[in-house]
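Taking it in order: structure first as structure tokens, then the write-up.
The values are calculated or read from the model by the stated rules, or taken from the named source; none is laboratory data. Nothing here was measured: the structure is a model prediction, and the numbers come from that model. As a convention, Cβ positions derive from the backbone with ideal geometry for all residues, glycine included, and neighbour counts pool all protein chains shown. Surface areas here come from the heavy atoms of the whole protein model, side chains and all, with no ligands, DNA or RNA. Shrake-Rupley method; radii C 1.70, N 1.55, O 1.52, S 1.80 Å.
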Amino acid sequence: FRFDRDTQLKAARAVVFVVDSVQVARDIRATAETLYDVLANASVQENECPVLVLCNKQDDALALPNIRVKEMLEEEIDGLRGSRQAGLDSLQDTADDDAAVEEKAGDYLGIDGKKFVFEDLCHPVQFNESSMVIGHDAGGLEQVEQWISESLHT
């Protein structure tokens, strides 16, 4: 993100999060952290913004299928919840600003005590495969446009 993500998400009615299906295994931590920040954003949660995780580059033989990308992200986000919760606990021990602690507490995704899965979020998260290579079967911008149209009219 080379812009103020929080400002952009305040106005969002839907979010398309593009993942490089070829590189995701190598970049899983950074990808999961960024997706976590989007999903935990107060505006996204309050507005119950639908999120499309678009697993791109499906034309590449090394691309992971969307179901595998989803599993990897769930596992990584589950681990992130633990480390972020530990950070929150230490912040609570030293913080003078209760509002800051409360704001961070809202960042927890999923159900406490249960392994993280996207289905436990208050807003829908859908995984689709895509390829922007013309003529490839995985779909391109048309499926994204259709998802946006359906998401905004429900």
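See the values below:
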{"read-out": "First in segment 113-124 and closer than 16 Å to Val38 by Cα, second anywhere and part of a helix (DSSP H, G or I) and open to solvent by 40 Å² or more (accessible area, probe 1.4 Å), Cβ under 6 Å, 6 or more apart", "value": "Phe116/Asp78"}
{"read-out": "Selected residue [of a type in the set (D, E, K, R) and modelled with pLDDT of 95 or more] from Glu33, Glu48", "value": "Glu33"}
{"read-out": "Qualifying positions in segment 31-49 - buried (at least 16 other Cβ atoms within 10 Å of the Cβ), out of contact with any strand residue (DSSP E or B) (no Cβ under 7 Å at 6 or more places or on another chain) and within 16 Å of Leu152 (Cβ to Cβ)", "value": "Asn47"}
{"read-out": "Hits in segment 12-27 (condition: open to solvent by less than 80 Å² (accessible area, probe 1.4 Å), in contact with a helix residue (DSSP H, G or I) (Cβ under 9 Å, 6 or more places away or on another chain) and not aromatic (Phe, Trp, Tyr))", "value": "Ala12, Ala14, Val15, Val16, Val19, Asp20, Ser21, Gln23, Val24, Ala25"}
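Residue-by-condition table, conditions (1) at pLDDT 95 or above; (2) open to solvent by 40 Å² or more (accessible area, probe 1.4 Å):
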residue	(1), (2)
Phe1	no, yes
Arg5	no, yes
Arg29	yes, yes
Gln58	no, no
Val69	yes, no
Asp89	no, yes
Asp93	no, yes
